[in-house]
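Before any comments, here is the structure.
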Amino acid sequence: MQRVLNIKTTKYLSKKVKVCGWVNSIRSHGKIIFIDLRDRSGLVQIVFAPNLELKIYELAQKLRPEWVIEVKGVVQKRPKGMENPKIKTGEIEIQAESLKVFSKAKTLPFPIDTLGYEINEEVRMKYRYLDLRRERMRKNLEVRQKVIQFMRDFLQKEGFIEVETPILTKSTPEGARDFIVPSRLQPGKFFALPQSPQQYKQLLQVAGIEKYFQIARAFRDEDPRADRQAEHTQLDIEMSFVSQEEILDLVEKLYISLVKKLFPEKKITKVPFLRMTYQEAMEKHKTDKPDLRKNKKDPNELAFCFITDFPMFEWKKGEKRWGAMHHPFTKPQTENISEIKKHPERILAYQYDFALNGYEIGGGSLRTTDLEILTAVFEVLGYKKSEIKKQFKHYFEAFSYGVPPHGGIAPGIDRFLAILLNEPNIREVIAFPKTGDNRDPMMDVPAEVTEEQLKELHIKIVKPKKK
Ligand code: ASP
């Protein structure tokens, strides 16, 4: 007999079904035992009557919350007045005929029938697999999947192809610290986890892909910040032969149609999205991610905007050097090399950010394909010519074989979802997030590795001195 999802049982009136799931709650009325059975589709009520075979009835008496069971029984209309409009199967119940217990369950460390915000987050994360049984969390994962699927379908229709790029790769300067991975086969050498697929997606343009996207993971070893994750997911896009306007138009079309289809209850403040320069934003709003909602208390208002024409460089006070405002591959708005070198502070870039309700939800740029300009940019950033050649040899070489003009953008997915779902934190929209200080209390990582593993990697740990 095939298992029927709880939600579908209503279609089997007077017929026998097999349902499986977790015991959500138990109530007894006299000798009758009522169970709410939960599966991924929702709840259904099961009735164990005392006239059942004794063995089955006795087993039913032993059931406890969160046991995993299978029940076979006949779907019946509930008696008049006993319907439960709060659940989708509230008109029916299943008169049990058999019961199988797959697995018993200890008492859960916290309730899962609440929203969960009231529970200590460390505990929620330690038992994330239980926390995800919560309806709110399951819904968040479902919405996440729908959003990603929409993006994939939309871009495929626009002629893009999704290409996976490596996780074990080389350090790329995107402004954060790299996570590094030691190589066992080449002692003393390391991979870096990608801060973004930036170089690969550009190399894919040299390869003639022209329209690339990827639901990509990006890794950044940043200092603990409350609402940041060391790994985040972005919709990574790169295109050849496009203008800045065309990139922004594509993103605008994608987000408008996404909101319309998946979040019809949301209202976009202004269509087309407001576009303003960095200078305007700073003068008018004192931030490059202004919150342009008309009514900031309205949870269903979405004010998207694009900020353009960022400065190419920013002065890093602490380090007393110039840094790239976006990343070094961004195209300056001038081709005058001596101006770039002499007056980095004056140079604007073909760089844009995508903002929503006061948050930056993405950024991108047109890229420099002129190798002399790229070298000048690296020099301003403090690289020696010999270092540039060594670190970006592949990039310079690739660009010498015919490179199309290209550009892209990478909207983040976690923050966007948190805003859409009115969640206070991006951890609420990620299945297995890390804590603010980058730990996973469930897996208990980061963790030590064995002496043998270290030996194989030719690594010696110098223990930090106790403070
Ligand atoms: N790689 C950039 C980032 O992750 C986005 C881009 O320039 O396309 O922010």
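Each value in this text was obtained by applying a stated rule to the coordinates, not by laboratory testing. Note that this is a predicted model, so its numbers are computed, not measured. Quick reminder, even Gly has a Cβ in these numbers, built from the backbone with ideal geometry, and neighbours come from all protein chains shown.
I'd like the full set of residues that are aliphatic (A, V, I, L, M) and either loosely packed, with under 14 Cβ neighbours inside 10 Å or touching a strand residue (DSSP E or B) at 6+ places or on another chain (Cβ under 8 Å) (or both), limited to region 287-341. Residues satisfying the conditions are Leu292, Leu302, Ala303, Ile307, Met312, Ala324, Met325, Ile340. Look at region 355-384: where a residue is farther than 22 Å from Ile247 by Cα and a partner is within 16 Å of the ligand (Cβ to nearest atom) and charged (D, E, K, R), sitting 6+ places away or on another chain with Cβ atoms under 8 Å, you get Ile373/Lys331. Note on region 222-270: residues that are touching a residue at least 60 places away in the same chain (Cβ under 8 Å) and acidic (Asp, Glu) total 4. Asp178 meets all of the listed conditions (1) within 12 Å of the ligand (Cβ to nearest atom); (2) buried (at least 20 other Cβ atoms within 10 Å of the Cβ) but one, namely (1).
Taking the criterion of being surrounded by fewer than 20 Cβ atoms within 10 Å (Cβ to Cβ), within 13 Å of the ligand (Cβ to nearest atom) and more than 17 Å from the chain's Cα centre (by Cα), no residue of region 204-221 qualifies.
Can you confirm whether region 184-194 contains a residue that is within 11 Å of the ligand (Cβ to nearest atom) and buried (at least 18 other Cβ atoms within 10 Å of the Cβ)?
yes
For region 303-358, a tally of residues being of a type in the set (A, V, I, L, M) and within 15 Å of the ligand (Cβ to nearest atom) returns 6. Here Ala281 meets each of (1) under 27 Å from the mean Cα position of the chain (by Cα); (2) buried (at least 18 other Cβ atoms within 10 Å of the Cβ) with one exception, condition (1).
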